[in-house]
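Here, each number is a calculation from the coordinates, and none is a lab measurement. These numbers were taken from a predicted model, which means no experiment stands behind them. Neighbour counts run over all protein chains shown; Cβ positions are idealised from the backbone, glycine included.
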Amino acid sequence: MARIRTVKPELAAHEGMFDLEEQTGLPVRFAWVMLFTVADREGRFAWRPRTIKAQTLPHDLIDFSRVLDAWLTRGFIIKYRVGNEWFGVIPTFTKHQVINNRETKSDLPDVSEADEVISHVNNTLDACDTRQPREDDACGTREVHALGEGRKEGREGTGKEGKENSSCAAPTSSSPAGDLLPTEPASPTAVSFLLNDGKEFPITEAQVREFGDLYPGIDVLQQLRAIKAWTISNPKNRKTRTGAMRFVNAWLSRAQNSAPTRPTSGPAPQKGALPRLSA
């Protein structure tokens with residue numbers, strides 16, 4: 001059930017969310033506003049992409065799991081499992097919302113009770129600066145980690161010890177305050193293609209791996225090479241620099257939608273894997 005929430009005007013100027021929308025071609029900004037209406041008073045929600053899509057973007061022809069994955073890989077949300085059920089939480093929810101006390105209390109488990117946590121929150125001010133002790137288990141991690149004895153420690157670390165957790169220290173990078181995108185090291189260029197001004201538009205190896213996660217049914221690197229060949233053969237239809245990433249996502253999305261179903265037998269290929277490039 002959707003709930004009444006508030007939206008701060010600063011969201012319109014959030015460069016991190018805008019960049020994510022440009023990179024993925026997905027309506028992540030509007031969907032982000034609507035996700036707050038799905039989340040309960042603690043910012044938690046059941047990880048059910050089709051149900052969330054029906055509540056947030058019922059008329060959009062998109063796979064909402066891609067929207068959730070885009071937020072997850074950029075540190076906007078955290079995914080966790082309790083038993084056989086998966087849930088999500090918005091780390092900054094209580095920082096941006098004042099909840100009416102009459103709203104029903106959350107009946108979803110807290111991330112501190114999780115058996116597994118998937119988080120890409122890493123040195124981000126907004127993600128760590130919350131009033132909830134649940135981030136003691138989430139901040140500063142970029143992998144799936146099982147919580148065994150750590151589950152008990154997560155419950156105990158709700159006092160001053162949690163505030164002193166070094167994993168939630170303020171970032172030392174020069175990124176603007178409020179930018180939720182993690183600072184990534186420079187990545188080599190995997191492939192580039194021509195723009196309408198005759199210059200090259202680079203796609204890095206890190207972006208190829210991210211596209212591999214978003215479009216698992218296709219060979220992303222081969223599709224990018226096809227884009228390169230297309231721009232060589234169609235100089236009049238080359239894209240501008242600002243529209244290049246949207247063009248790439250539209251191309252990959254079409255390729256994903258038309259890709260044949262992969263056989264289930266045999267080892268699955270590694271998503272977004274980069275072949276060794278010859279000199």
For T204, residues with placed amide H under 5 Å, excluding near neighbours:
A190
Where in region 12-38 is the amide nitrogen less than 20 Å from a point lying 7 Å along the Cα-to-Cβ axis of A259?
23-27
Between the alpha carbon centres of region 16-57 and region 87-104 the gap in Å comes to 15
So for the pair E103, S65, with labels modelled 7 Å out along Cα→Cβ, what separation do we get in nm?
2.9
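To the nearest 20 debye, what is the magnitude of the charge dipole of region 189-258 about its Cα centre, counting +1 on the Cβ of each Lys and Arg and -1 on the Cβ of each Asp and Glu?
Working: 10 positive and 6 negative charges, 73 e Å.
Around 340 debye, computed over region 189-258.
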Can you run phi through the Karplus equation (6.51, -1.76, 1.60; θ = phi - 60°) for region 252-259 and list ³J(HN,Hα) in whole Hz, with x for Gly and Pro?
5, 5, 5, 5, 5, 5, 9, 6
Ordered by residue, what ³J(HN,Hα) values in Hz, to whole numbers, does region 240-250 give under the Karplus form 6.51 cos²θ - 1.76 cosθ + 1.60, where θ = phi - 60° and Gly and Pro are x?
6, 5, 6, x, 5, 5, 5, 4, 4, 5, 5
Cut-off 11 Å between beta-carbons: net charge of the residues surrounding K199, Lys and Arg +1, Asp and Glu -1:
0
Which one, L35, F18, W47, is farthest towards the positive end of the dipole of region 5-66 when Lys and Arg carry +1 and Asp and Glu -1 on their Cβ?
W47
Projected onto the charge dipole of region 189-258 (+1 at Lys/Arg Cβ, -1 at Asp/Glu Cβ, origin at the Cα centre), which of P202, G243, S258 gives the Cα projection farthest towards the positive end?
G243
